[in-house]
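S.K.: Could you have a look at this structure, given as structure tokens, before my questions?
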């Protein structure tokens, strides 16, 4: 193979590797049709750590009983809301497969059972439901 052809092949190879790097390095995202239900909450002043943990653990139990729940998050790394004297202390999120699954959750008996435990410790909460 002569030098000119070898250089052309080398140049084309480098261009291909560069183009592949750009393609792989692009930030890719999707806009899923799932529904995210986010809750920030303030515990009652007289609620115990055990009651608070039972409320959060109940989210896990409930998720296993209600069809259409895809994922849950129950460990807060940062929760905003409330006042300086009485800040919100916890949050959790539930991902549903669809808006229909979220609506079914609202009337599900497992949620009604969980609310009995949750409301023992919960003083107030802010709920947000997000989808595309």
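Each value in this text was obtained by applying a stated rule to the coordinates, not by laboratory testing. No experiment lies behind these values; they were computed from the predicted model shown. Here the Cβ is made from the backbone with ideal geometry for all residues, glycine too, and neighbour counts use every protein chain on show.
S.K.: With axes computed from alpha carbons, what is the tilt in degrees of helix 109-121 against the longest principal axis of the chain, rounded to the nearest 10 within 0 to 90?
M.R.: Taking the Cα atoms of the chain, the angle to 109-121 is about 70 degrees.
S.K.: Using the Kirkwood radius built from alpha carbon pairs, what does the Stokes-Einstein equation give as D for the chain at 10 °C and 1.306 mPa s, in µm² per second? Walk me through the intermediate numbers first.
M.R.: Values: Rh = 18.1 Å.
For these conditions, the coefficient is 88 µm²/s.
S.K.: Looking at the chain as a GNM with Cα springs under 10 Å, which of 29, 92, 18 has the largest mean-square fluctuation?
M.R.: Sorting by GNM fluctuation, first place goes to 18.
S.K.: Restricting to DSSP H runs of at least four residues, report the calculated mean residue ellipticity at 222 nm for the chain, -39500 (n - 2.57) per run over all residues, nearest 500 deg cm²/dmol.
M.R.: Details: 4 runs with 61 residues, N = 132.
It lands at -15000 deg cm²/dmol.
S.K.: Can you figure out the FRET efficiency of residue 120 with residue 70, using R₀ = 35 Å and their beta-carbon distance, to the nearest 0.05? Write down the numbers at each step before the final one.
M.R.: Details: r = 27 Å, r/R0 = 0.78.
Given R0 = 35 Å and the Cβ-Cβ separation, E is 0.80.
S.K.: Hey, what angle do you get for helix 49-65 against the long axis of the chain, alpha-carbon based, 0 to 90 degrees rounded to 10?
M.R.: The helix 49-65 is inclined about 60 degrees to the chain.
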